[in-house]
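Okay, structure first, notes after.
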Amino acid sequence: MVAPRVEGSLVRAVWLGLTGPVALLPPAAAQLSARLDVSVASRYVWHGISRAAGTILQPSLGAGLRLGRLALEGGAVRHYELDAVASGELSEAGGRSGHLGEDDVWGRAALDLGPARLHAGVVRYLFNGDSTRGGLGPGSNTTELYGAMSTTGSSLNSSLEIWSDVDRVRGTFLRYSASAPILPWPFPPFVFTFVDGDLGLNLGQGPDPSQPGRVANFAGRGVTHAGVGAGLELRSGRTPGVERTTIAVGFRAQANFDEATRANGVGRSKDLISWVWMGVTVLLGGEARGLR
């Protein structure tokens, strides 16, 4: 993530643009919400695959409309590489520091069923890198559909996701994740610590012997990775027009079991990787907590 002052003018513009419609809605209308995230990490990992090393800046925006138990949501995420990357190292942008590597645009519907929540959505991945220098260019653009079921409990939150590439790669990937709070501080300012983990399983995004020219994300079927992490969140109380502001920091480690998740650059591989992250989140509107 990035310090809020770096994106200060953007935050103010987004704040005014998104809180305005909320203020105009009549009390009985459907609830409109919005979310602004700015995050920084020392590595960009997607589906367990390391895509860029060095400092990654990821600003994102999301907005949603809640109609009873149904929420309709959408947003976009940008991935900037801030460090210069040497030849052969991981980079979506192609080794150019401070450049945009990827844009993700997404939309979904979510249905609340008591402690459970069902999700269905689509993500479009748009790459902006220089493919002649080892980056990912527009030729790598693709689309995934996904569905998920998440549950929330007093001691454990979990989610089972199914991702299906319907464009460039084609095939299915499963991910299970869980998180548990530890040592909460229930007085303002609210401080929460947590541990989390995830497990990936490739069911069809690997090579197809009947189609030798087909692009693949993973080297084979089976477990792709297992990760574990810990984090700390500092949450502010409510202020007019703002549901919550959260500052978070964390650490993650991941064991890699597939050649694609082991890849750490040209001719390099790692069975175990780790990275740190931090971020700021601003939730606007009474139902903004539902956006993820």
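The values are calculated or read from the model by the stated rules, or taken from the named source; none is laboratory data. Bear in mind the structure is a predicted one, so any value in this text is a computation, not a measurement. All Cβ positions, glycine included, derive from the backbone under ideal geometry; neighbour counts span all protein chains shown. Note: areas computed on protein heavy atoms with side chains; ligands, DNA, RNA excluded. Shrake-Rupley method; radii C 1.70, N 1.55, O 1.52, S 1.80 Å.
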Heavy-atom accessible area order for S154, S50, largest first, 1.4 Å probe: S154, S50
Surface accessible to a 1.4 Å probe, H47 within the full protein complex, Å²: 20
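Over the range 29-136, with the other protein chains present, what is the accessible area per residue in square angstrom, probe 1.4 angstrom? Could you put the intermediate results ahead of the total?
Numbers: 4290 Å² over 108 residues.
So the range 29-136 comes to 40 Å² accessible per residue, rounded to a whole number.
Multiply the residue gap between L65 and V191 by 0.36 nm, knock off their C-alpha separation, and tell me the result in nm, one decimal place. All intermediate terms of the calculation are to be shown ahead of the outcome.
Working: separation 126, 0.36 × 126 = 45.36 nm, distance 2.85 nm.
42.5 nm is the gain from fully extending L65 to V191.
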FRET E, pair A230, R170, Förster distance 51 Å, beta-carbon r, rounded to 0.05: 0.90
Solvent-accessible area, 1.4 Å probe, carbon plus sulfur percent, for the range 208-278: 60
Sum of side-chain charges, L201 neighbourhood, beta-carbon under 14 Å (Lys, Arg +1; Asp, Glu -1): -1
